[in-house]
Amino acid sequence: MATFEGKLERILVGRIHDCLALKSVERLSGGAAQETYRLDIKTAAGSRLLALRRAAGGVNRSSDHRPGLAGEALLMQLVRQVGVPAPKIYYVFSQDDDCGDGFVMEWLEGEALGRRILREEQYEKVRQNLAYECGRILARIHSIDVVESGLDKCLQSMSPSDYVQQTWSRYKAFSIPQPMIDYTGRWLMKNLPKNYRMTLVHNEFRNGNLMVSPERIIGVIDWEIAHIGDPMRDLGWLCNNAWRYGESLPVGGFGTYDQLFQGYEDESGFTIEPGEVHFWEVFGSFWWSVTCLGMVEQFRNGPDPSIERAAIGRRSSEGQIDCVNLLTPGCVEKTNALANRSNLDSPRSDELLMKTSEFLRDEVMSLTTGRKRFLAQVSANAIDIVQREILYLDQHRQIEHQSLENLVAGANESLEDLRWRLVHALREDVEVDEDALKAHLRQTVVNQIAIDNPKYSGLDQALNWK
């Protein structure tokens, strides 16, 4: 049976006109939903790099209302025609290729890691104008005629109401009660945009999906969840706190709202209404919270049960704390760890976990590269979460239980039952003391993110609200 590398080499030699052989294949870090590879091929002129985008696990899937990888390739070809920087597509896999869904494209030499773009000196010049350029590129994306291009035949159309309800329904199907998600879903349904256009929406346009050089943006990547909808979704997502990587500037961590809006208006002639972008910024945190929980389902039941997918599930609290800061800001303090730890076990479980985490970071990561190094870091982070849970969770749950008893009047019920009481009240829009509700949500989400990721900037923002 031919290996993946063997089948891939046959495709490349047969379909890429100057390819003589496949020299190496390296899967890159990240890409929980799709796989990305660096390909080194042999040509008559010497080595040449290409990129491969493939469905996770090499499994062919139904479209799930998404463009699919063939549609993703088509989108990149279309946006290049209106001046959007995107990699050139060389070949889209067919079913006969037996490599799953995917395509081969141009390798771009640039930086896509958001933290590096924000912090490294060589990108200082490009950062100064990056928000404005993002506005101009988004306006070009939104200018594409979806009927003339045929995109209306292969992309799902979603109104703001459709998108909120679809996302909320997806979360409800998980049967995991997360009151902050339901509170945000209720707010979104009550504050839907009233006047909006329907255009092509990239839907993942953010710092981390922009390939940049020290001078300019050289590629917009990851078109896998594009749809036809309100174009302000793209602007709001770019402003989402998750993609600022700890920096304070609202647009990707590198620019201001005014710079982004000016670029969009200069290119398109449309005037931006900030309140509409705010709606989609809230939605972005809501959507990210739900999407992270969805990764857990894929970890448990999908074709790629990696630690990366499992760990992303705990990032749901990052989106939830951003919803707190956007919708229910106020005074809050995180719970302290229990002062007395049992000494019946020596070393304690939290001490064993601490040393395991240190081993992964200090030794395993130094001896590995690429995706294995990345997964070692993810594994160390997961161990840290369990360690913090041991220290904080009991106290956290006690506070939440008492708060819920007061809020929903459910004495002598389990914490899970009380959570469901609150969730059903939010979904059915039953009247609950709003001030007490907001205080409860702030407290529980702050305590959860303190376990899941205490370094996330949203926690500091919540704790230092004034």
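Quick note: the coordinates plus some simple rules give every number you see, no bench work behind them. None of the values given here were measured: they were computed from a predicted structure. Note: ideal-geometry Cβ built from the backbone for every residue, glycine included; neighbour counts use all protein chains shown.
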Taking only the alpha-carbon positions of the stretch 197-291 as identical scatterers, the Debye log10 I(q)/I(0) at q = 0.16 Å⁻¹ comes out as -0.66
Above-threshold pairs, the threshold being 21 Å between Cα atoms, out of 334/438; 7/42; 7/372; 88/125; 334/466; 190/438:
7/372; 88/125
Roughly how many nanometres apart are two label points built 7 Å out from the Cα toward the Cβ at residue 25 and residue 266?
4.4
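Once the convex hull of the C-alpha atoms of the stretch 328-463 is built, how many Å³ does it hold per residue, rounded to a whole number? If you can, show how the numbers build up before the last one.
Details: hull volume 20.0 nm³, N = 136.
Spread over its residues, the Cα hull of the stretch 328-463 gives 147 Å³ apiece.
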State the Cα centre-to-centre distance between the stretch 175-245 and the stretch 416-466 in whole Å.
23
Would you compute, for the Cα atoms of the chain, the largest minus smallest coordinate along each principal axis and list the three values in descending order, in whole Å?
74, 59, 43
For the chain, the dipole about the Cα centre with charges only on Cβ (Lys and Arg +1, Asp and Glu -1), to the nearest 20 debye, works out at 860
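Is the stretch 4-106 best put as rounded, prolate or oblate by its Cα gyration tensor, with a ≥ b ≥ c the root eigenvalues, rounded for a/c under 1.5, and otherwise prolate when a/b is larger than b/c, oblate when not? Before the final figure, lay out each step's value.
On the way: a/c = 1.70, a/b = 1.24, b/c = 1.36.
Oblate, because a/c is 1.5 or more while a/b does not exceed b/c.
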Give the residues of the stretch 101-131 whose amide nitrogen is closer than 14 Å to a point set 7 Å from the Cα of residue 49 in the direction of its Cβ.
105-113
If the label point is 7 Å along Cα→Cβ of residue 82, which residues in the stretch 118-153 have backbone nitrogen under 19 Å from it?
132-153
Starting from 0.36 nm per residue, how many nanometres of slack lie between residue 431 and residue 147 once their C-alpha separation is accounted for?
97.8 nm
